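Q: One structure, pasted below without further comment.
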Amino acid sequence: MPNRLSHETSPYLKQHADNPVDWYPWGEEALARARGEDKPILLSVGYSACHWCHVMAHESFEDAATASLMNERFINIKVDREERPDLDHIYQNVAQAMTGGGGWPLTVFLTPDLKPFFGGTYFPPVDKFGRPGFPKVLTALSDAYKDQRDTVAENAEKLTEFIRAMRDPGANAPASEASADAPVDLVRLQAVAKRLASGIDWTNGGFGGAPKFPNTMGLTFLWRMGIRDAAILSLTKMATGGIYDQLGGGFSRYSVDERWAVPHFEKMLYDNALLLKLYSEVALDDPGAHPFFIEVIEGTLSWALREMRSPGGGFYAAQDADSEGEEGKFFVFTPDEIAAILPERDARVFNLRFGVTSEGNFEHGATVLAFAHTISEVARQAGISESEVRSSLEVAKRKVLAAREKRVRPGLDDKILTSWNGLMISGLAWASAALARAGRAAAAALAREAALDAWRFIRSRAVSDGKLHATFQADRARFNAYLDDYAAMANAALDLLRMIDVPKGAEVELMNDARAWVDTVLEKFSDPEGAGYFFTASDHEKLLERPKALFDSATPSGTSMMLGALAVLAELDPDGQGARYSDELERQLRANWPLMERQPHGFGETLCAALLAVRGPITVTGPTGLPVVHPHVFRKPAPAPWLVCHRKTCSLPIRELPALETEIRNQLKT
């Protein structure tokens, strides 16, 4: 019989609606019962595309005996971390404190007043992987809550204090490192960039070893600081590896190895949005130098429009890693499967190019497709010309993709998340500019229209009672918007303004949106005494703690996106508010600098905002058709002629495009 989760809109919660566990969604009904019965809370946090969430669900939550133990001894609450990132922000710190790492599924045990006393991530059904079996954990913790209340209370207080300390991790920075009185300048940013670059894997690209995540924000900062080989190497290795879907386009969440060969197959909207933007930024610098990146942009765009766009224009959250109960089954191939799809010669060419062998590189002898040989190597081994190899691959990829489409597809999480759509709008806007400059007019038009449609969707469908909301699903906007939602959408509006030719009249709407969303953050999310911004608004539901969003994770932090928007608005000076935005930006950069300097790996996007502030945005006022696109150039549509402005000083009127391009390039050198 379905439990209470059957009434929820979240696909992740609905996945658990038939569990024998007496699940509650987060809300007063569950919390009141915990207080009334004096029972501990078992809080389980995950998301629909999470492989290990599925594993724990199958092993424990679908098991009648384990469910009975949970129902007898706990009030069980299931949370979708994508709907309630505020709760995830708070309680991830418990796993960090107890195990040294976080992730999903997140399993935390709370007192009825919401204080955590134990937590971790995945627990197996029996002792293995160096972890205790879940039934053993349940019994021990419920017994402790009943018989050792003082010890539980002590643990709860310690963990609560840890959570509160993590809200402002830079509050106790050594005075020698804080340097709060010194402004952030290019010299200091260069030193931080050098430190960040020291973590680059110069063989395989990316940062560090396995498992390897893109860390797009860090790569973007290195690119903008002139350490371009780090970004180009990383982007090339990712796009030729298995983390990129060589048939259907789009990137998986991370690679389980250091070579980007075998991914964790879930595809998240945010990863693809961020990578789409960075590939486009690099390609815009010189499209002729990076034709392969243009192909990756087109492939990722095709995937997003084909598989992730809702009928109304908003973008869905994620695709699952699993199909038919197996991770990656939808994406991998054996030689026999390729032979059943392609003629012998084309199969040989395909297998050589993408490394399909009888041994495979994945489970059950299957292969994750990745570049195994160059075109010239394939031609030599197949005994044909390079042009014949290219023609063969072009046809073969279409046929193999068509065959793959007949397989059982991975699950789709069709939530539309405001913040992730903001990231995707920015990515699409940049992609449109890059494709247009590379002469791919049709693809550029598709990206442009998709970006505008998504912006219109969020500003209309995700708004209810005049307020922005965090999610839209089942024709319903839910959950008051978080910091990330406002900051990502503000940047999306600004990216639309500068990257594409928007419809007549939309310029005013976009600028008004950006300013209104930034002003809402300043009004409801500010901490006048500390660094960064609160993740939740001042009128949000009262929780154990009011978390902050300082560090980048898989997505840019809300604080970092906010600082980028402030830097732009300070220069654009809408309605004479530039000085207010500039003062707030300077205050935040000084307050955040100690952490940025010590832990640059977690502050890539904030460092990008600092670089923008240090160099100063360049604004081009005039008609559309801007010929040069750069991360530090913004435009303010207006009648001719053009004016190029930097640091509140403008050029003489410019009437010819070549002269405009020259002036912009001169300003970029200053």
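The values are calculated or read from the model by the stated rules, or taken from the named source; none is laboratory data. Every value quoted in this text rests on a predicted model; they were computed, and no experiment measured them. Counting neighbours? That spans all protein chains shown, and the Cβs are built from the backbone with ideal geometry, glycine included.
Q: Among the listed residues Ala191, Ala182, identify the single one that is among the small types (Gly, Ala, Ser), over 19 Å from the mean Cα position of the chain (by Cα) and not in a loop (DSSP other than H, G, I, E, B).
A: Ala191
Q: Let me ask you something else. Here is a check on your reading of the model: is Val349 touching a Ser or Thr at 6+ places or on another chain (Cβ under 6 Å) and either surrounded by fewer than 18 Cβ atoms within 10 Å (Cβ to Cβ) or part of a helix (DSSP H, G or I) (or both)?
A: Criteria met by Val349.
Q: Closer than 19 Å to Pro556 by Cβ, assigned by TED's automatic domain parsing to the domain that holds Asn592, touching a residue at least 60 places away in the same chain (Cβ under 8 Å) and not acidic (Asp, Glu): does that describe Ala193?
A: Here the answer is yes, as Ala193 does meet what is asked.
Q: Restricting to segment 634-664, count the residues that are under 18 Å from Asp573 (Cα atoms) and surrounded by 20 or more Cβ atoms within 10 Å (Cβ to Cβ).
A: Matching residues across segment 634-664 total 7.
Q: In segment 196-218, what count of residues is obtained for those that are among the aliphatic types (A, V, I, L, M), assigned to a helix (DSSP H, G or I) and touching a residue at least 40 places away in the same chain (Cβ under 8 Å)?
A: 2
Q: Find all pairs meeting these conditions: Cβ atoms under 7 angstrom apart; at least six residues apart or on different chains; first residue within segment 496-509 and under 28 Å from Ala283 (Cβ atoms); second residue buried (at least 22 other Cβ atoms within 10 Å of the Cβ) and hydroxyl-bearing (Ser, Thr, Tyr).
A: Partner pairs satisfying both residue conditions: Met499/Ser432; Ile500/Ser432.
Q: Please determine, by comparing only the residues of segment 48-63 that are of a type in the set (Gly, Ala, Ser) and within 13 Å of Phe134 (Cα to Cα), which one is surrounded by the fewest Cβ atoms within 10 Å (Cβ to Cβ).
A: Among those residues, the one meeting the criterion is Ala57.
Q: Further question on the same structure: Of the residues that sit in segment 113-147 and are over 20 Å from Ser68 (Cα atoms) and part of a loop (DSSP other than H, G, I, E, B), which one is nearest to the chain's Cα centre (by Cα)?
A: Thr121
Q: Still on this structure: Would you call Glu394 without any contact (Cβ under 8 Å) to a residue 40 or more places away in the chain and outside the structural domain of Gly249 (by TED's automatic domain parsing)?
A: When the stated conditions are applied, Glu394 passes them.
Q: Only residues that are touching a Gly at 6+ places or on another chain (Cβ under 6 Å) and within 18 Å of Pro211 (Cβ to Cβ): list them for segment 233-271, please.
A: Listed by number, the residues that qualify are Ser234, Lys237, Glu258, Trp260, Ala261, Val262, Pro263, Phe265, Lys267.
Q: Now, a different point. Quick check on segment 229-258: of everything there that is in contact (Cβ under 8 Å) with a residue 40 or more places away in the chain and assigned to a helix (DSSP H, G or I), which residue is nearest to Asn351 (Cα to Cα)?
A: Thr240
Q: Moving to a separate point now. Can you confirm whether Ser426 is under 30 Å from Leu13 (Cβ atoms) and free of Cβ contacts under 8 Å to residues at least 60 places away in the same chain?
A: no
Q: I've got another one for you. Sort out which residues of segment 126-140 are in contact with a helix residue (DSSP H, G or I) (Cβ under 8 Å, 6 or more places away or on another chain) and surrounded by 17 or more Cβ atoms within 10 Å (Cβ to Cβ), and write them in order of number.
A: Within segment 126-140, Phe134, Pro135, Leu138 meet the criteria.
Q: Still on this structure, I have one more. Which ones in segment 15-46 are assigned to a helix (DSSP H, G or I), free of Cβ contacts under 8 Å to residues at least 40 places away in the same chain and either buried (at least 22 other Cβ atoms within 10 Å of the Cβ) or within 31 Å of the chain's Cα centre (by Cα) (or both)?
A: The answer is Glu28, and nothing else.
Q: Looking only at segment 309-321, filter to residues that are in contact with a helix residue (DSSP H, G or I) (Cβ under 6 Å, 6 or more places away or on another chain) and surrounded by 21 or more Cβ atoms within 10 Å (Cβ to Cβ); which one of those is nearest to Tyr270 (Cα to Cα)?
A: Ala317
Q: Still on this structure, I have one more. How about segment 348-375: which of its residues are touching a helix residue (DSSP H, G or I) at 6+ places or on another chain (Cβ under 8 Å) and touching a residue at least 24 places away in the same chain (Cβ under 8 Å)?
A: Arg348, Val349, Phe350, Leu352, Arg353, Ser358, Thr367, Leu369, Ala370, Phe371
Q: Check His373, His364 and return the single one that is out of contact with any Cys (no Cβ under 6 Å at 6 or more places or on another chain), part of a helix (DSSP H, G or I) and either surrounded by fewer than 21 Cβ atoms within 10 Å (Cβ to Cβ) or outside the structural domain of Pro211 (by TED's automatic domain parsing) (or both).
A: On inspection, the qualifying residue turns out to be His364.
Q: Do we find a residue being outside any helix (DSSP H, G or I), in contact with a strand residue (DSSP E or B) (Cβ under 9 Å, 6 or more places away or on another chain) and farther than 30 Å from Ala447 by Cα anywhere in segment 315-328?
A: Taking every residue of segment 315-328 in turn, at least one turns out to be outside any helix (DSSP H, G or I), in contact with a strand residue (DSSP E or B) (Cβ under 9 Å, 6 or more places away or on another chain) and farther than 30 Å from Ala447 by Cα.
Q: While we're on this one: Residue by residue through segment 376-391, note down the ones that are without any contact (Cβ under 8 Å) to a residue 24 or more places away in the chain and either part of a loop (DSSP other than H, G, I, E, B) or not assigned by TED's automatic domain parsing to the domain that holds Leu352 (or both).
A: Gly383, Ser385
Q: Also, I was wondering about something else. Could you list all residues from segment 107-156 that are more than 22 Å from Glu29 (Cβ to Cβ) and polar (S, T, N, Q)?
A: Thr121, Thr139, Gln148, Thr151, Asn155
Q: Do any residues in segment 292-310 that are part of a helix (DSSP H, G or I) have Cβ atoms under 7 Å from those of residues that are crowded, with 21+ Cβ neighbours inside 10 Å and charged (D, E, K, R), where the two are at least six apart or on different chains, and which pairs are they?
A: If the second residue must be crowded, with 21+ Cβ neighbours inside 10 Å and charged (D, E, K, R), the pairs left are Ile294/Arg440; Glu298/Arg440; Trp303/Asp245.
Q: Being crowded, with 23+ Cβ neighbours inside 10 Å and under 21 Å from Arg309 (Cα atoms), is that true of even one residue in segment 390-397?
A: So far as segment 390-397 goes, no, none of its residues is crowded, with 23+ Cβ neighbours inside 10 Å and under 21 Å from Arg309 (Cα atoms).
Q: Look through Pro125, Pro105, Pro116, Pro135 and report the one residue that is touching a Ser or Thr at 6+ places or on another chain (Cβ under 8 Å) and closer than 30 Å to Phe472 by Cβ.
A: Testing whether each residue is touching a Ser or Thr at 6+ places or on another chain (Cβ under 8 Å) and closer than 30 Å to Phe472 by Cβ leaves just Pro105.
Q: List the number of the failed condition for Pro112; all other conditions in (1) crowded, with 21+ Cβ neighbours inside 10 Å; (2) in contact with a Leu (Cβ under 8 Å, 6 or more places away or on another chain) hold.
A: Every listed condition holds for Pro112 apart from (1).
Q: Check segment 316-323 and report whether any residue there is without any contact (Cβ under 8 Å) to a residue 40 or more places away in the chain and either over 20 Å from the mean Cα position of the chain (by Cα) or not assigned by TED's automatic domain parsing to the domain that holds Arg459 (or both).
A: Scanning segment 316-323, I find no residue that is without any contact (Cβ under 8 Å) to a residue 40 or more places away in the chain and either over 20 Å from the mean Cα position of the chain (by Cα) or not assigned by TED's automatic domain parsing to the domain that holds Arg459 (or both), so the answer is no.
Q: What pairs come up if the first residue lies in segment 533-545 and is part of a strand (DSSP E or B), the second is among the polar types (S, T, N, Q), and their beta carbons are under 8 Å apart, counting only those six or more places apart or on different chains?
A: So the pair list comes out as Tyr533/Ser526; Tyr533/Thr559; Phe534/Ser526.
Q: Let me ask another. Would you mind telling me which numbered condition in (1) crowded, with 24+ Cβ neighbours inside 10 Å; (2) among the basic types (Lys, Arg); (3) in contact with a His (Cβ under 7 Å, 6 or more places away or on another chain) Lys415 fails?
A: (3)
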